[in-house]
2 protein chains.
Amino acid sequence: MPQNGELSAFDAATAVRRTEGGGLIADLDPGWDVGGGVLNGGYLLAVAARAAVLESPHPHPVALAASYLRATGAGPATLLVTPGSAGRTLAHAHVVLSDAGGPCLSVQTTTAALGSGEVAWSTPPPGIAPVEECLSAAEQAAGQVDMPDVGIRHRVETRLDPATAGWVTGRPSGEPVMRAWVRFADGRDPDPLGLITFADALPPTLWSMGRMGWAPTVQLQVLLRALPAPGWCLAEARAGEVADGWLDEDYRIWDSTGRLVAQSRQLARAPRG
Amino acid sequence: MPQNGELSAFDAATAVRRTEGGGLIADLDPGWDVGGGVLNGGYLLAVAARAAVLESPHPHPVALAASYLRATGAGPATLLVTPGSAGRTLAHAHVVLSDAGGPCLSVQTTTAALGSGEVAWSTPPPGIAPVEECLSAAEQAAGQVDMPDVGIRHRVETRLDPATAGWVTGRPSGEPVMRAWVRFADGRDPDPLGLITFADALPPTLWSMGRMGWAPTVQLQVLLRALPAPGWCLAEARAGEVADGWLDEDYRIWDSTGRLVAQSRQLARAPRG
């Protein structure tokens, strides 16, 4: 775990700084890639959320919706935040993350103050094997041909439920579901910004149907529902429909106390099976 | 059903016209309100989607994510469409719907060509009573004190599954779920634009927990998955978590052939119970 005063890998990689001119910039980190130098969508969205919080009277992102305009690589980036309406409870803004080539992400953001208080209704977590019985990234990679050694797997530790890991040994379950314990590899505890990255960090659900390859995100919405407790999170990703070259992926994330703390849904392009 | 050459109520109310200066304008229709002169969020999003399609090389909305900046009433509106990236398969844009008071909706849009072809995986529709055994809006209103006579109920016909209609007679199920058959009241068949409105047209799920009142939408994402077949759609709305003054509502919509054709998720403010 990062020591006092030492930035975690995630906080360093998502840092947003203000320039003398008042603009916001970031240095996108090559270590958070999903292969081919392309950065993970959840990582990029966390950078945009940090910019939104910097320009907001409220401390936490609660709703984010991003259009992924093109594949984005490492290097310098600018963040242009256009405020929408702001009130006592929440504030809206529009954030555009651009690199030298132009806009990469266009994001609707809502910020507010998250708590961890009274729950009137909540979806309980699904069943999953204990962490020690789940497959590490190394164990996932060992079983499967042609799985690229992508950076995100070294930054976000996932332990995959054996029930959704049949694809690792060439026996995909046939159901587009992935379920895993998730935490930062350096032990940094989860927070709303971290949950944004967890919400796009599991292997593609199509791998469970034996359709390997990447499914580029078209639009991703993440809702943050509560401040997560320290420790492992449980994430489940599920496709509702795979058809005509498209799929959705629906994530739900529970913290170590079993509280639902984040939800996401993305539309992605489906690789041909 | 509207006759040849006659615009349906929905098409008339969501019409977007180009001005001589090249801008896009609409006349927001007072008939699509949810009470107090405030227009339905799904209706407003369909207007924004129409503007996105007008400025796109592609014919259908496939992903929309809107921040609701403030309550919006009837009257003239402008639509500013800023193109994002565009390719052979899909195009991104950012649409701002404004009235005389300023911006009301800020929307990320993705357009493409929807089909109704091959399905590799799909979520089957839930069980629901036949249309003739479900409760019409008049029957819903008859059973409950203080349900305002809102315009949207006269434009979008909903037939509520008795299993999720206990609140009508003061016996709420306790589970935040609504399930209904849905169609346009004038018989216009569903299409991707219509599905956008269906995706925010059911009574608030909190009514099933006996918590009446409106739940204002903060951010709404709608994904369109296929061209719907003619006839009734089946819509199910479900809250995943109700806590700390917030709730989400997750819609799934199937067409008359049982195909999943749309999904939505919104973050809303929860009225105190």
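The values are calculated or read from the model by the stated rules, or taken from the named source; none is laboratory data. Not measured: the values here are computed from a predicted model. All Cβ positions, even for glycine, are placed from backbone atoms using ideal geometry, and neighbour counts span all protein chains on display.
Taking the criterion of being more than 14 Å from residue B:248 (Cα to Cα) and at the interface with another protein chain (Cβ under 10 Å from one of its Cβ atoms), the residues of the stretch A:240-253 that qualify are A:240, A:241, A:242, A:243, A:244, A:245, A:246, A:247, A:248.
In the set A:226, A:163, which member is part of a helix (DSSP H, G or I) and small (Gly, Ala, Ser)?
Numbers: A:226 fails: part of a helix (DSSP H, G or I).
One residue alone meets the criteria, A:163.
Scanning the stretch B:75-97 for residues that are at the interface with chain A (Cβ under 8 Å from one of its Cβ atoms) and either within 21 Å of the chain's Cα centre (by Cα) or under 18 Å from residue A:110 (Cα atoms) (or both) gives B:92, B:94. Only one of the numbered conditions (1) part of a loop (DSSP other than H, G, I, E, B); (2) facing chain B (nearest Cβ under 9 Å) is violated by residue A:72, and that is (2). For residue B:225, the conditions (1) under 14 Å from the mean Cα position of the chain (by Cα); (2) within 14 Å of chain A (Cβ to nearest Cβ) all hold with the exception of (1). Of all residues in the stretch A:49-61, exactly one satisfies the criterion of being within 12 Å of chain B (Cβ to nearest Cβ), touching a residue at least 60 places away in the same chain (Cβ under 8 Å) and either buried (at least 24 other Cβ atoms within 10 Å of the Cβ) or outside any strand (DSSP E or B) (or both), namely A:61. Within the stretch B:31-47, the set of residues being in contact with a helix residue (DSSP H, G or I) (Cβ under 6 Å, 6 or more places away or on another chain) and within 14 Å of another protein chain (Cβ to nearest Cβ) comprises B:45 only. Residues in the stretch B:98-132 that are under 26 Å from residue A:94 (Cβ atoms), hydrophobic (A, V, I, L, M, F, W, C) and either part of a loop (DSSP other than H, G, I, E, B) or away from chain A (no Cβ under 12 Å) (or both): B:100 only. The residues of the stretch B:175-205 that are modelled with pLDDT under 95 and within 14 Å of chain A (Cβ to nearest Cβ) amount to a single one, B:204. Quick one: count up the residues across the stretch B:167-204 that are among the hydroxyl-bearing types (Ser, Thr, Tyr) and either over 20 Å from residue B:250 (Cα atoms) or surrounded by fewer than 21 Cβ atoms within 10 Å (Cβ to Cβ) (or both). Counting residues in the stretch B:167-204 that are among the hydroxyl-bearing types (Ser, Thr, Tyr) and either over 20 Å from residue B:250 (Cα atoms) or surrounded by fewer than 21 Cβ atoms within 10 Å (Cβ to Cβ) (or both) gives 2. Does residue A:140 satisfy being farther than 23 Å from residue A:42 by Cα and at pLDDT below 90? So residue A:140 fails the test.
For the stretch A:210-223, residues that are in contact with a Leu (Cβ under 9 Å, 6 or more places away or on another chain) and part of a loop (DSSP other than H, G, I, E, B) total 3.
For every residue, the table says whether it meets (1) over 21 Å from residue A:136 (Cβ atoms); (2) crowded, with 24+ Cβ neighbours inside 10 Å; (3) at pLDDT 95 or above; (4) outside the structural domain of residue A:143 (by TED's automatic domain parsing).
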| residue | (1), (2), (3), (4) |
| --- | --- |
| A:215 | yes, no, no, no |
| A:221 | yes, yes, yes, no |
| A:246 | yes, yes, yes, no |
| A:251 | no, yes, yes, no |
| A:258 | yes, no, yes, no |
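Restricting attention to the stretch B:48-95, the residues that are at pLDDT below 95 and in contact with a helix residue (DSSP H, G or I) (Cβ under 7 Å, 6 or more places away or on another chain) total 0.
Check the stretch A:1-16 and report whether any residue there is buried (at least 24 other Cβ atoms within 10 Å of the Cβ), assigned to a loop (DSSP other than H, G, I, E, B) and at pLDDT 95 or above. Let's see the steps before the verdict.
We begin by selecting, within the stretch A:1-16, every residue buried (at least 24 other Cβ atoms within 10 Å of the Cβ); these are A:10, A:14.
Checking which are assigned to a loop (DSSP other than H, G, I, E, B) leaves us with A:14.
Narrowing the set further to residues that are at pLDDT 95 or above leaves A:14.
Yes - at least one qualifying residue is present in the stretch A:1-16.
Working only within the stretch B:98-114, note down all residues that are touching a residue at least 60 places away in the same chain (Cβ under 8 Å) and either under 20 Å from residue A:271 (Cβ atoms) or in contact with a Cys (Cβ under 9 Å, 6 or more places away or on another chain) (or both). Give the derivation first.
First pass over the stretch B:98-114, keeping only residues touching a residue at least 60 places away in the same chain (Cβ under 8 Å): B:99, B:104-105, B:107, B:109, B:114.
Correct list: B:114 only.
Selection of the stretch B:233-257 for residues being β-branched (Val, Ile, Thr) and in a strand (DSSP E or B) yields B:242, B:253. Any idea how many residues of the stretch B:81-125 are of a type in the set (A, V, I, L, M), surrounded by fewer than 16 Cβ atoms within 10 Å (Cβ to Cβ) and within 16 Å of residue B:25 (Cβ to Cβ)? Result for the stretch B:81-125: 1.
Among the candidates A:120, A:137, the residue that is touching a helix residue (DSSP H, G or I) at 6+ places or on another chain (Cβ under 8 Å), within 30 Å of residue A:161 (Cα to Cα), without any contact (Cβ under 8 Å) to a residue 12 or more places away in the chain and of a type outside the set (S, T, N, Q) is uniquely A:120.
Right, residue A:67: surrounded by 22 or more Cβ atoms within 10 Å (Cβ to Cβ) and facing another protein chain (nearest Cβ under 10 Å) or not? Working first, answer last.
Numbers: surrounded by 22 or more Cβ atoms within 10 Å (Cβ to Cβ): yes; facing another protein chain (nearest Cβ under 10 Å): yes.
Here the answer is yes, as residue A:67 does meet what is asked.
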